[in-house]
1. Please give the residues of the stretch 249-287, grouped as numeric ranges, whose backbone N is less than 20 Å from a label point set 7 Å along the Cα-to-Cβ vector of LEU362.
2. For the stretch 279-291, what does the Karplus curve 6.51 cos²θ - 1.76 cosθ + 1.60, with θ = phi - 60°, yield as ³J(HN,Hα) per residue in whole Hz, taken in order and with x for Gly and Pro?
3. With a ≥ b ≥ c the root eigenvalues of the C-alpha gyration tensor of the stretch 254-365, is it rounded (a/c under 1.5), prolate (a/b larger than b/c) or oblate?
4. Non-local amide H neighbours of TYR275 (under 5 Å, H modeled in plane, Pro and chain starts lacking H): which ones?
5. Take a quick pass over the chain and tell me how many lysine pairs come in under 13 angstrom between Cα atoms, counting only ones 8 or more apart or on separate chains.
6. Ordered by residue, what ³J(HN,Hα) values in Hz, to whole numbers, does the stretch 312-322 give under the Karplus form 6.51 cos²θ - 1.76 cosθ + 1.60, where θ = phi - 60° and Gly and Pro are x?
7. Please get the size of the charge dipole for the chain, origin at its Cα centre, with Cβ charges of +1 on Lys and Arg and -1 on Asp and Glu, quoted in debye to the nearest 20.
8. With each pseudo-label sitting 7 Å past Cα toward Cβ, what's the VAL306-ASP280 distance in nm, one decimal?
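Each reported figure results from applying straightforward, stated rules to the coordinates on display, with no laboratory input. Computed from a prediction, not measured in an experiment: that's the story for all the values here. Here the Cβ positions follow ideal geometry from the backbone for every residue, glycine too, while neighbour counts run over all protein chains shown.
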Amino acid sequence: MMSMNKQNTQHSQQRIGTRFASFVEKHPIWQNPLLQGCANNELEIDDYGFVISQHFYYSRGFTRLLSALMMQCDNDFYRVELSHNLWEEAGEEEQENCHSNLLRRMITETFGLENPDQTQFRDYTVQYFNECLNYLKNCDLVRAAAFLGWGTEGVVPRIYSYLFNGLVAKGVPEDELLYLSLHMECDDEHSEVIEAIALDACGGDTESHWLAIEEAIDHSLTLRDRYFKKLYEELQSQPLNTLVGQVTKAQPYADLTQLSGLYTHVDSQSGVPLYKNSNDQRVSFEVTRFNVASEVIDPRLLEIPVGKRNEKHRHAHESIFYVLSGEGVVHVGDKEITVKPGDLAYVPRWYDHYTANTGNALLKILALTDYGLTRCFANNTERSYRQQPSNVAV
Ligand SMILES: [Fe+2]
Ligand SMILES: [Fe+2]
């Protein structure tokens, strides 16, 4: 039968465990743009491939982190428990199921990246791992166990579920994601063992120990938060880097036939409908986009019926309007530019603008935009910044 003392200790551990769980819950890491990007389905499969192949550096070294804690642990019972965690990491009997091998397999099968060990690991990836390892080697046992318990193993199921759900939403079969689903199930048990080590090492209920635990949890989550932000920043700059690479290589495409879309006729049937709106008031228009191969210049056709206008809006891209037919007034900020066929009007980035058909025929404007540039920056799609109908002035 359990002694009163032992029962009291367990209750007190549960109470204090709740305190740390809510400390984790309130940490800013849960607003991290990478995790939010997964939740909002912003990432493409290749983006996940990049993130997870970088994460492989950490995963491959994870048993070193566990070993650093084990080295600090002076209680042989807990060292046995930690060896059990290591044994699971090692895939138990089957070496091919060792966790780092499961991840190697997933990186190759799901993302088509051969030789995960040859990944070009970023400096910030290596730095993140080294900071974790150095902290665990140099701090005291309470902090080491808190860092690796609540701050690491305890958050793995939630963090991996962002990646898992994001990949499933992209159509990846769940059975390819064994590495993730396995950790979503088993790391809770791992964290319980490690958290018990921290609480036992604290001895009596002293506030200074609890603060040390919170400091270590915060350090672990902050390092990871910073690392995920770096990964996300790189994801954002990748399209722009590709574009810059095309410009700076000073070479034409090897073969023009690789380019689909060297020619199009400018009418609404030849393109793809992009956007349209009409309401009871004066707004009525259609925008068509053309499938040409250009990287930066994105041509569109704007058509506005007699007596109508498009909605006031603004966006990241700049536009050159060339009037094909009809007459109208282009409103840019507080300027009014009267236009007829053959005229050209310039709409700078981010200026509120709209165009009204003031003539007796359909107003057709060829808008040459640099949307191919602005879409390289995350969220800079036209739709994101188009004013909501409720904000539209008529
Ligand atoms: Fe693992
Ligand atoms: Fe516009």
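1. Correct set: 264-279, 282-287.
2. Residue by residue, the stretch 279-291 yields 9, 5, 7, 9, 7, 7, 6, 9, 10, 10, 10, 10, 8 Hz.
3. Prolate, since a/c reaches 1.5 and a/b exceeds b/c.
4. Those qualifying (amide H under 5 Å, at least 5 residues apart or on another chain) are VAL287.
5. Values: LYS276/LYS308; LYS276/LYS312; LYS308/LYS364; LYS340/LYS364.
Lysine pairs satisfying the spacing and distance rule in the chain number 4.
6. Running phi through 6.51 cos²θ - 1.76 cosθ + 1.60 with θ = phi - 60° gives 5, 7, 8, 7, 6, 7, 9, 9, 9, 9, 10 Hz.
7. Numbers: 34 positive and 55 negative charges, 410 e Å.
The dipole of the chain has a size of about 1980 debye.
8. Distance between label points: 2.4 nm.
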